[in-house]
Amino acid sequence: MVDEIDEPVWLKQLEHLCELGLPQAHFQMGQYLCDNGSFSEAFDSFSKGTDLGSKDSEYQVGVMLFEGLGTEQNSKRGIELMKRIADTADSTTDHLRPNAQFHIGKAYYEGYGVWPDHKRAAEYWLLASEAGNVEAMNMLGFFYTRPDTFDIKKAFHWHRLAARGGSVESLSVLGVFLTEGQGSSRDLAQAFRCLESAADQGSAYAKGQLVYAYYIGQFYQKTKEKALEMLKFESKEEVIEEARKLKFRTHLACSGVSLAYFLLARCLSRGIAKPEGEFENLSSEKLYSKAHHFDREMAAQLQKLVTHGKI
């Protein structure tokens, strides 16, 4: 095992194997360099491995070209390399194919290196999902909530599978679906379990949705407690930075923080919660303003609910 050998000794052994021209040695060196943030050197090592016939290296070169990581971005060439793996029946690349299919689907969806084609994107994500790729399951879950491809039962199905596979983001969405009875029967107990688990794993979206669920359920003390936890965010940039670190969708994270700020303001304006301790100078006006800062659309939707007496 690598971690059982002194790193300099292991590294010298790997460098020696690279000098001997072993394809997988160049791949392993590339992985090591990536892990240490040396992306340009990693790209060079993967390129050498590709020239020597390493499919693992070829896949990494494709990804790095697609992302512009360690080299000049060339999405078209990156997709070409990943398609070699995704579209070829070769047992030696079975472990790479689902990831390649996911990235190709993403390229078709966003129009990077290929013409945008949402139908083909979904086809590649389906192939990747059937092979167990959780990121593709997550993408399909969101794909089926789009207005032009809307199918709430399919969205629920894929988010549930992605959540089971470890996607915290899908777990958050699943909690919302179960709260509202979308795509499945309403199950508040399970919804709370999903949201609490996702919130514990850092999802600002889940935290905001928990605040909403507590508020609707008239658990105002819990509403206040959970909302106050979100006041650590003072700017939208902070929310976006944390969401990117955790690989969550930034717009969902911002909507969750907006929810928390707005509903805390609502509690204060209704007199069902009082600012205390370090938050004694809070005002509902300031909190409403912050809610709009984090997500104008979410705040506007909530304001409509206030106007119609729903919250």
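Select the helices (runs of 4 or more DSSP H) contained entirely in region 87-192, then report the ones holding at least 2 residues which are within 21 Å of the chain's Cα centre (by Cα) and within 27 Å of Val61 (Cβ to Cβ). Outline the logic, then answer.
On the way: elements: 97-110, 118-130, 134-143, 152-164, 168-180.
So the answer is 97-110, 118-130, 134-143.
If you go through region 143-154 one residue at a time, do you hit one that is modelled with pLDDT of 95 or more and touching a Leu at 6+ places or on another chain (Cβ under 8 Å)?
Yes, there is a match, as at least one residue in region 143-154 is modelled with pLDDT of 95 or more and touching a Leu at 6+ places or on another chain (Cβ under 8 Å).
Between residues in region 80-94 that are within 16 Å of Asn133 (Cα to Cα) and residues that are in a loop (DSSP other than H, G, I, E, B), which pairs lie under 7 Å by C-beta distance while being six or more apart or on different chains?
Partner pairs satisfying both residue conditions: Ile85/Leu96.
Give all pairs with beta carbons closer than 6 Å in which a residue from region 12-40 that is within 20 Å of Leu65 (Cβ to Cβ) meets a residue that is outside any helix (DSSP H, G or I); count only pairs at least 6 apart in sequence or on separate chains.
Pairs that qualify, where the first residue is within 20 Å of Leu65 (Cβ to Cβ) and the partner is outside any helix (DSSP H, G or I), are Pro23/Leu52; Pro23/Gly53; Pro23/Ser54; Phe27/Ser54; Phe39/Leu69; Phe39/Gly70; Ser40/Gly70.
Going residue by residue through region 6-21, is there one that turns out to be crowded, with 16+ Cβ neighbours inside 10 Å, assigned to a loop (DSSP other than H, G, I, E, B) and more than 29 Å from the chain's Cα centre (by Cα)?
no
Could you please let me know if Glu135 is crowded, with 23+ Cβ neighbours inside 10 Å, at pLDDT 95 or above and of a type in the set (Asp, Glu)?
no
Can you confirm whether region 210-225 contains a residue that is free of Cβ contacts under 8 Å to residues at least 12 places away in the same chain, within 24 Å of Ser129 (Cβ to Cβ) and surrounded by fewer than 20 Cβ atoms within 10 Å (Cβ to Cβ)?
no
Scanning for something of a type outside the set (A, V, I, L, M, F, W, C) and farther than 20 Å from His159 by Cα, does region 99-108 turn up at least one residue?
yes
Determine which member of the set Thr92, Thr71, Thr88 is among the β-branched types (Val, Ile, Thr) and at pLDDT 95 or above.
Testing whether each residue is among the β-branched types (Val, Ile, Thr) and at pLDDT 95 or above leaves just Thr71.
Which count do you get for residues in region 105-127 that are of a type in the set (A, V, I, L, M) and modelled with pLDDT under 95?
Selection size over region 105-127: 2.
For region 28-49, what are the residues that are more than 17 Å from Gly78 (Cα to Cα) and aromatic (Phe, Trp, Tyr)?
The one that is more than 17 Å from Gly78 (Cα to Cα) and aromatic (Phe, Trp, Tyr): Tyr32.
Does region 67-85 hold any residues that are within 16 Å of Thr50 (Cα to Cα), part of a helix (DSSP H, G or I) and touching a Phe, Trp or Tyr at 6+ places or on another chain (Cβ under 8 Å), and which are they?
Result: Gly78, Ile79, Leu81, Met82, Ile85.
Tell me which helices (runs of 4 or more DSSP H) are completely within region 197-311 and hold 3 or more residues being over 26 Å from Asn138 (Cβ atoms) and modelled with pLDDT of 95 or more, or say none if there are none. Please lay out each step first, then the result.
On the way: elements: 204-216, 220-229, 236-246, 250-270, 284-294, 296-307.
Hits in region 197-311: 250-270, 284-294, 296-307.
From the list Leu140, Leu126, Leu174, pick out the single residue that is buried (at least 21 other Cβ atoms within 10 Å of the Cβ), farther than 22 Å from Leu259 by Cβ, of a type outside the set (Ser, Thr, Tyr) and in contact (Cβ under 8 Å) with a residue 12 or more places away in the chain.
Just one listed residue meets the conditions, Leu140.
The values are calculated or read from the model by the stated rules, or taken from the named source; none is laboratory data. Quick caveat, the model's predicted, so the values are computed rather than measured. Using ideal geometry, Cβ is built from the backbone for each residue, glycine included, and neighbour counts are taken over all protein chains shown.
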